[in-house]
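Contents: one structure, followed by commentary.
Any read-out appearing in this document is the output of simple, stated calculations on the displayed coordinates, not a laboratory observation. No experiment lies behind these values; they were computed from the predicted model shown. Glycine also receives a Cβ, built like all others from the backbone with ideal geometry; neighbour counts cover every protein chain displayed.
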Amino acid sequence: MKREWMTILEHQTIARDTYRLVLQGDIVRDITEPGQFVHIQVGSGTYLRRPVSISDFDFEKKTMTLLYKVMGKGTEDLTRKSVGESLDVLGPGGRGFPVDQVDDDHVLLIGGGIGVPPLYNLAKQLKAKGIQITTLLGFQSADDAFLLDEFEELGEVFVSTNDGTLGRKGFVTDWISEVKATVDRYFTCGPTVMLKAVSEQLADLPGYISMEERMGCGIGACFACVVPSHDEKGYRRICCDGPVFEAKEVVLA
Amino acid sequence: MKLSQSLPGLQLKNPVMPASGCFAFGKEFAQFYDLSELGAVIMKAATGEKRFGNGTPRVAETARGMLNAIGLQNPGVDAIIEEEIPFLSTFDTSIIANVAGSTVEEYVEVAAKISAHVHALELNISCPNVKEGGVQFGTDPMLAEEVTAQVVEASEVPVYVKLSPNVTNIVDMAKAVEKGGAAGLSMINTLTGMRIDPKTRKPIIANQTGGLSGAAIKPVAIRMIHQVYQEVNLPIIGMGGVETADDVIEFLLAGASAVAIGSANFKNPLICKEIIDELPRALETYGFTSIEEVIGGAHDEKARAGIFRA
């Protein structure tokens, strides 16, 4: 992990309250797995950094794409950063999806809301390994949806929205029973309540979940972002032991 | 510029150390810089048995600061001695163990075990985030004196007592632990606070209350150190919102002999090293030629009648 002032190359809105931010810098060269995150100091108006998952990256160009949703003051302030400005970034943080260890025929990706972004580079890497991908994407409403075309280029995509304005009305988990028969493994990221529902419905399959929590340091020192685990140790730190865990490793409340 | 000085149990090459609970046991920060650069390291609190701490969320942001309620999560004193201190011992810096507990017996047990492996203890009678122990020892002068005396008795190394700011009269607490045999003070711990989310109508932190830290509490820390320095004859490790070399000088002028940097480590993991590097030039800027010259330098009012004097 290092701290670097990365340059903003692109910054635009892609859905309701949702932004695409492209940063350039050496931190990109340190990315080892899809699903890692960066910890951003937005400015003097906020105290702590804000963790944002890496959606995609390009080693050659030293660029990374972050997709974030405005959730409060920190992300609100972030929207005002302009192309050409530099941003105080710590990263890459945590452990991502262990793509190297995956050797399946067909996998299921399940993303909910702003949990969708870290699955994108994962999908690209899985596809490059020749693995068939089925993706379930869930959003509040059609206005909140993003990355649909990008995922469709990589495999079959099923969409659901809470209000039925796009895809099927309901939750992303409503699709699971229809697609689970043919897949060997699942990868999911979204709110904890969704991760819990997904891991319960797919309890007989191996899977990886990516979690989020309010973080302090983002490097494993402050113990703010812990989740209970099933082993004797009793906990995992989301920022450095995760954010990606084997589904059976942690206890989802 | 000479930055080194001796305090009870500690040969400090500079007056800057990370504060307890903001640095874990050092491993995470060792990837950013050589920990031998630090004046000392104050480890995360040790309790008799391992503790899992509070539910999440454990942190919330505030104006110029943050609330935390981690709940003294730690692997227990034995695991800290076996698995954490050996790593920190590879660096050329002093190690201070933060000792916590629910009962006097637990404080004594932890102190007796860990003191053989470190240079000094910081007796934590001021954690606001655990239900039992901790802060009740830090808000009642008689209990504070008693637990200090027993821990001093059990410890092989000097004991610095970490004071809580959540009291009406900080000087009474400082005097009590001085009477109990403390070798020094560390102050201040966090101020108890709360934030409520209008959307959920509930406190943001799972523990409801948390400890406020960061730049927001610096004036409180400075005021309390300034008060205590005049009344108690013990060296003070000052803390509470240190973020710059100028802040270090402000704490020393108030009466601290050294400073600990807390939440700022979360914003910038390199902050301790950066402040150590900047300190000589900052001292020069204000016309100082040594650290000793700065300590207590704001106290020429002693000749007059200071408004806070009892």
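So here's what we get for this one:
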{"item": "Highest to lowest packing among A:226-235, B:98-107, scored as the average C-beta count within 10 Å", "result": "B:98-107, A:226-235"}
{"item": "Mean separation of Cα contacts under 8 Å, 6 or more apart, over the residue count of chain B: relative contact order %", "result": "19 percent"}
{"item": "Cβ-Cβ FRET estimate between residue A:141 and residue A:229, R0 fixed at 22 Å, reported to 0.05", "result": "0.05"}
{"item": "Between helix A:192-201 and chain A: long-axis angle, C-alpha atoms, 0 to 90°, nearest 10", "result": "20 degrees"}
{"item": "Dipole of chain A, positive direction: furthest Cα of A:40, A:55, A:9, with charges on the beta-carbon", "result": "A:40"}
{"item": "Sparse-neighbourhood loop sites, GluC sites (Glu not before Pro) in segment A:174-213 - DSSP loop, at most 12 other Cβ within 10 angstrom", "result": "none"}
{"item": "For the protein assembly as shown, with +1 on Lys and Arg beta carbons and -1 on Asp and Glu, the positive-most of B:66, A:64, B:268 along the dipole", "result": "B:66"}
{"item": "MRE, 222 nm, helices only [DSSP H, n ≥ 4, -39500 (n - 2.57), over chain A, to nearest 500]", "result": "-3500 deg cm²/dmol"}
{"item": "Dipole moment magnitude, nearest 20 debye, chain A about Cα centre, only Lys, Arg, Asp, Glu C-beta charged", "result": "760 debye"}
{"item": "Amide H contacts under 5 Å for residue A:165, placed H, 5+ residues apart", "result": "A:142"}
{"item": "Nearest-20 debye value, the protein assembly as shown charge dipole, Cβ charges on Lys, Arg, Asp, Glu", "result": "1220 debye"}
{"item": "Virtual paramagnetic centre 7 Å along Cα→Cβ of residue A:177, amide N under 18 Å, in segment A:185-214", "result": "A:197-205"}
{"item": "Cα centroid separation, segment B:27-51 to segment A:68-110 (Å)", "result": "28 Å"}
{"item": "Inter-chain shielding of B:64-71 (mean C-beta neighbours from other protein chains, 10 Å cut-off)", "result": "3"}
{"item": "Cα gyration tensor category, rounded, prolate or oblate, for chain B with a/c compared to 1.5", "result": "rounded"}
{"item": "Residue B:270-residue A:150 FRET efficiency (beta carbon distance; Förster radius 35 Å; 0.05 resolution)", "result": "0.45"}
{"item": "Amide H contacts of residue B:204 (H built 1.01 Å from N, under 5 Å, at least 5 apart or other chain)", "result": "B:195, B:196, B:197"}
{"item": "Nearest-0.05 FRET efficiency for residue B:202 and residue B:179, computed from C-beta distance (R0 51 Å)", "result": "0.75"}
{"item": "Shielding by partners, peptide B:263-276 (average Cβ within 10 angstrom, other chains)", "result": "4"}
{"item": "Alpha-carbon centroids, segment A:167-195 and segment B:243-293: separation in whole Å", "result": "52 Å"}
{"item": "Residue B:172 versus residue A:203: modelled label distance in nm, points set 7 Å from Cα along the beta carbon direction", "result": "5.7 nm"}
{"item": "Cα gyration tensor category, rounded, prolate or oblate, for segment A:1-155 with a/c compared to 1.5", "result": "oblate"}
{"item": "Number of partner chain Cβ atoms within 10 Å, mean per residue of B:43-50", "result": "1"}
{"item": "Separation of the residue B:194 and residue A:2 label points, Cα + 7 Å toward Cβ, nm", "result": "4.6 nm"}
{"item": "Relative contact order %, chain A, counting alpha carbon pairs below 8 Å whose residues are six or more apart", "result": "18 percent"}
{"item": "Cα gyration tensor category, rounded, prolate or oblate, for segment A:211-253 with a/c compared to 1.5", "result": "prolate"}
{"item": "In range of the label at residue A:14: residues from segment A:238-252 whose backbone nitrogen is under 19 Å from the point 7 Å along Cα→Cβ", "result": "none"}
{"item": "Per-peptide average of other Cβ atoms within 10 Å, ordering A:85-95, B:13-23 highest first", "result": "B:13-23, A:85-95"}
{"item": "Candidates A:50, A:16, A:185, ranked by Gaussian network fluctuation over chain A, Cα under 10 Å, top entry", "result": "A:16"}
